[in-house]
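*Asks:* Next up is a structure, given as structure tokens.
The values are calculated or read from the model by the stated rules, or taken from the named source; none is laboratory data. Bear in mind the structure is a predicted one, so any value in this text is a computation, not a measurement. Reconstructed Cβ throughout: ideal geometry from the backbone, glycine too, with neighbour counts over all protein chains shown. Side chains are part of the model used for accessible areas, which takes the heavy atoms of the whole protein and leaves out ligands, DNA and RNA. Shrake-Rupley method; radii C 1.70, N 1.55, O 1.52, S 1.80 Å.
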Amino acid sequence: MEHTFWHDRWKLNQVGFHLNYVHPLLIRNLELFQFNTGSAVQSRIFLPLCGKTLDIGYLLSKNYSVVAVELSEVAVQAVFQALDLQPDNPVKISDWAGGKLYQANNLQIYVGDFFALTQGDLGDVALVYDRGALIALPEPLRTDYSRHLAKITEYAPQLLITLDYDQTVAGGPPFAVSTENVEALYGNSYSIQLLEEADIIEEEPRFKAKGIKAFYQRAYRLK
């Protein structure tokens, strides 16, 4: 998808995908991942295409280190504003090859193109938390995304959340990603475990109004 699409969505505040609460699937399933870095404060969690998710604050409150990437600087500024890091912990802004880097304490967010990120930018990653990245991408981009993600994180475990519905009735984003899609993208590199599955159509009036009958949310552990 063109970058201008997402820049326009953020500029116009058309961000219906943003949740005003911490994702329950993160809260319930984070403890399933065992980190090999010694302690939680040393564990680094990567959030691709993070938006302004409140999940970042939750992870920081649990003493995890967070690194993320987001195309929209508007979204990144909203993250740091919500965390209220100023003035005692001023945000440092610097340049990187793909744009700007915002950082403070145990949080780093790269502003720019996900595909410009390297393993050197991220450092060691203990876990990838993909709540909204894969489902934000149309099918032609998903193979490139999944391969680049695996490369720059050195095949770190993932907590992956997807949505699945009848794409012929309504288009994305968010796009429908089935279990078969997940297996096709990741099955050659990871073992895949379905952690949770639920039909949440009653929680999605916007999609129900379009005629969607079922709207499945799934959480996977990739290792």
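*Asks:* Please check which bits of the stretch 149-185 a label hung off LYS62 would reach, taking the label as a point 7 Å along Cα-to-C-beta and the cut-off as backbone N under 19 Å.
*Replies:* 156-162
*Asks:* Further question: Please return the longest stretch of the chain lacking exposed loop sites, where GluC sites (Glu not before Pro) count only if DSSP places them in a loop and at most 16 other Cβ atoms lie within 10 Å.
*Replies:* 3-153
*Asks:* For LYS213, go through the aspartates and glutamates and keep the ones whose alpha-carbon is under 17 Å away, minus same-chain ones fewer than eight residues off.
*Replies:* ASP164, ASP166, GLU197, ASP199, GLU202, GLU203, GLU204
*Asks:* Please report the equivalent ellipsoid semi-axes of the chain, computed as sqrt(5 x eigenvalue) of the Cα gyration tensor, largest first, in whole Å.
*Replies:* Largest first, the chain gives 26, 21, 17 Å.
*Asks:* Based solely on its DSSP helices, what 222 nm [θ] is calculated for the chain when runs of n ≥ 4 H residues each add -39,500 (n - 2.57) and the sum is averaged over all residues, nearest 500 deg cm²/dmol?
*Replies:* For the chain, the value works out to -7500 deg cm²/dmol.
*Asks:* Compute the accessible area per residue over the chain, keeping the other protein chains in place, probe 1.4 Å, unit Å².
*Replies:* 50
*Asks:* Report, to the nearest whole %, how much of the accessible area of the stretch 129-223 belongs to carbon and sulfur atoms, 1.4 Å probe, protein only.
*Replies:* 47
*Asks:* Okay, moving on. What is the local net charge at VAL111, summed over the other residues whose Cβ is closer than 14 Å to its Cβ (Lys, Arg +1; Asp, Glu -1)?
*Replies:* That works out to -2.
*Asks:* Cross-link list LYS92/LYS208; LYS62/LYS210; LYS62/LYS223: which exceed 31 angstrom alpha carbon to alpha carbon?
*Replies:* Check vs 31 Å cut-off fails for LYS92/LYS208; LYS62/LYS210.
*Asks:* In a shell of Cβ-Cβ distance under 9 Å around GLU196, excluding GLU196 itself, what net charge do Lys and Arg (+1) and Asp and Glu (-1) give?
*Replies:* Surrounding charge for GLU196 is +1.
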